[in-house]
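Data first, discussion second: the structure below is written as structure tokens.
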């Protein structure tokens, strides 16, 4: 069914239409939550908060942006809030990762499975080491395919600031990966 029809039905209170609508964007919302939170447990909380907030505030969606952009913004905000609520000095490590997205594309023959796992782990750790605003910018750009303008609108900054943040984030990620993979 067409997304606009599902949206109209959901706005009229059709819970099944809403479920179908968010299912179209579930993987991207999950990736945003997981990458910002850094672990599956917090990402699940953020995704649950996202779905509740989207349902409660569906009437606030004005259609000025794409529905996917609106949902991803809610997901990012919920994930950031979950991270902020964490107590200082505590960390949460996710060892399950069974349902998480694979960060490095499967390219048969390029690298072995164990090497790919090591690279994924190193990338997750490097992402977790970024500040919230840098991590959010990278996740939105690289995992959700937001444009610079979408990220700028979401973060409430200018496009040049987004470019600067992405540049700093990529540089920090590169340094962290070089350090981690050298061990």
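Filter the range 123-140 down to the residues that are crowded, with 18+ Cβ neighbours inside 10 Å and modelled with pLDDT of 85 or more, then identify the one that is nearest to residue 175 (Cα to Cα).
Residue satisfying both the conditions and the ranking: 130.
Rundown of residues vs (1) surrounded by 14 or more Cβ atoms within 10 Å (Cβ to Cβ); (2) assigned by TED's automatic domain parsing to the domain that holds residue 72; (3) more than 25 Å from residue 133 (Cβ to Cβ), yes/no style:
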site	(1), (2), (3)
1	no, yes, yes
8	no, yes, yes
15	no, yes, yes
22	yes, yes, yes
33	yes, yes, no
43	yes, yes, no
47	yes, yes, no
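Going through 157, 162 one at a time, which residue ends up being over 18 Å from residue 29 (Cα atoms), at pLDDT 90 or above and in a loop (DSSP other than H, G, I, E, B)?
The unique qualifying residue is 157.
Give the range 1-26 a look and list any residue that's within 14 Å of residue 73 (Cα to Cα) and assigned to a helix (DSSP H, G or I), or say none.
Passing the criteria: 22, 26.
The values are calculated or read from the model by the stated rules, or taken from the named source; none is laboratory data. All of these numbers come straight from a predicted model, not from anything done at the bench. As a convention, Cβ positions derive from the backbone with ideal geometry for all residues, glycine included, and neighbour counts pool all protein chains shown.
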